[in-house]
Amino acid sequence: MSGAAHLAVTVLLAVAVVVALICCLALLLMKDFYERLHYMAPVSTVATFCVLAAVTVQEGWGQATLKTIVIALVLFFMNATLAHVTARADRVHKLGHWTADPKEDIPGLPKHVDSERKR
Amino acid sequence: MNLWLLAAAALMFGLIPCGIVVFTRDAINRLVGLEMAGLIETLVLLFLAQGLNNPNFYDLALAMALLTFGGGLVFARFLERWL
């Protein structure tokens, strides 16, 4: 592996690890469940694809890269599905239903939009 | 110790916040902590496979990713229906 390739692998791995560690810390520090849920996304996208790029740079096209592509795709689609399913579970757990209720209060919605929606 | 093993060791520290969330928060937040821990563990197994230069170990990371997915779905369904 050339010097440039080694540098690229180092940088990609550093980015992946730093992003993952920051997201783990944010998971702990966020107060709200929905805020917390968002921090799975950078790990399964930015960090995972940085690792994929690092493996590709180091190994070239081969068994390792193909398996890493499969893992990255699984993690990518897993995050979207799991985030939705977990948020849905929380909503059903709290409200008893999943469907939208026109009379339901949505925090943060401007008053004129809220009154228009409830009309 | 090569670069990949060093990255795996550093990434293991990410499990500490996940563990704190899992052990101290309510059920739905514990599920988020568990899912994040699964993601981190998958990446750690990937780093170990590359660091130890054994392509067979990639299957462990793939199995971990798939089991995290299945486990997350089952737990979310369980929370939704029975808790």
Once the dipole of chain B is set up from charges on Cβ (+1 Lys and Arg, -1 Asp and Glu), the residue from the list B:Ala10, B:Ala37, B:Leu52 lying farthest towards its positive end is B:Ala37
Checking rank on A:106-115, B:72-81, A:58-67, with mean other Cβ inside 10 Å and highest first, the result is B:72-81, A:58-67, A:106-115
Helix A:3-29: angle to the longest alpha-carbon principal axis of chain A, degrees 0 to 90, nearest 10? 30
For B:Thr24 and A:Arg88, extending 7 Å from Cα along the Cα-Cβ vector and measuring point to point gives, in nm, a value of 3.2
Normalised by the empirical 2.2 N^0.38 Å for globular proteins, what value does the Cα Rg of chain A take? 1.49
Report relative contact order for chain B in percent, whole number only (criteria: Cα-Cα under 8 Å, sequence separation at least 6). 32
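Using the number of other C-beta atoms within 10 angstrom as an exposure proxy, rank A:Asp101, A:Asp90 with the fewest first.
Ascending number of Cβ neighbours within 10 Å: A:Asp101, A:Asp90.
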Just the number, please: Stokes-Einstein D of the range B:3-82 in µm²/s, Kirkwood Rh from C-alpha pairs, 20 °C, 1.002 mPa s. 161
Could you work out how far apart the two model spin labels at B:Ile16 and B:Met1 are, taking each label as a point 7 Å from the Cα in the direction of the beta carbon, and quote it in nm? 1.5
In debye, nearest 20, what is the charge dipole magnitude of chain B about its Cα centre with +1 on Lys and Arg Cβ and -1 on Asp and Glu Cβ, if you could check? 160
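Within the protein assembly as shown, how many Lys pairs that are eight or more residues apart, or on different chains, come under 25 Å at the alpha-carbon? Working shown, then result.
Working: A:Lys31/A:Lys94; A:Lys31/A:Lys111; A:Lys94/A:Lys103; A:Lys94/A:Lys111; A:Lys94/A:Lys118; A:Lys103/A:Lys111; A:Lys103/A:Lys118.
Summing the qualifying lysine pairs gives 7.
At 0.36 nm per residue, minus the direct Cα-Cα distance, what do A:His112 and A:Leu66 gain on full extension? Give it in nm, one decimal, please.
Numbers: separation 46, 0.36 × 46 = 16.56 nm, distance 5.23 nm.
Here the segment from A:His112 to A:Leu66 would lengthen by 11.3 nm.
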What FRET efficiency, computed as 1/(1 + (r/R0)^6) with R0 = 22 Å and r the Cβ-Cβ distance, is obtained for A:Val46 and A:Ala80, rounded to the nearest 0.05? 0.95
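Only the coordinates and a few stated rules stand behind these numbers; no lab work does. Here the structure is a predicted model, which means the values were calculated and not measured. Positions of Cβ are generated from backbone atoms using ideal geometry, with glycine treated the same way; all protein chains shown enter the neighbour counts.
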